[in-house]
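Asker: Structure incoming, see below.
The values are calculated or read from the model by the stated rules, or taken from the named source; none is laboratory data. The shown structure was predicted, so the numbers you read here are calculated from the model rather than taken from an experiment. Using ideal geometry, Cβ is built from the backbone for each residue, glycine included, and neighbour counts are taken over all protein chains shown.
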Amino acid sequence: MIYFIQAVSAFLAGLVISKSWNDFRRGKEPLPIFIFWVVAWGLIVVLAFFPFLVDKITLSLGGQIIGMGRVFGIALVFVFYVVYRVYLKSNRVEKQLNEFVRKIALNKRNE
């Protein structure tokens, strides 16, 4: 099961990073956002491949080790992927709305 989780997290990280790289190259995404997604997904992959790190972090913060590293790793992968997809959709909707408002303004100006 752990190999499946690692493979899925690596696949999703590769997908997100490549999409973010393409958007950055085309000027659709600024450098800080690109760096954020690369670092965030890099950390997710590290936690997926080394789930015991979650237990160590939990212990250092005063919690108890309960062996939930894998569960939190899975949850983290899917939550971050959903956040990334919502970010993309909101960015696309914002651009479409901006274009629509420009067209309406130009039409009113020409009338």
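Asker: Picking from ALA48, ALA40, which residue would you name as being in contact with a Phe, Trp or Tyr (Cβ under 7 Å, 6 or more places away or on another chain) and either part of a helix (DSSP H, G or I) or modelled with pLDDT of 90 or more (or both)?
Answerer: ALA40
Asker: Does VAL16 satisfy the criteria of being assigned to a helix (DSSP H, G or I), closer than 22 Å to ILE74 by Cβ and without any contact (Cβ under 8 Å) to a residue 24 or more places away in the chain?
Answerer: Here the answer is no, as VAL16 does not meet what is asked.
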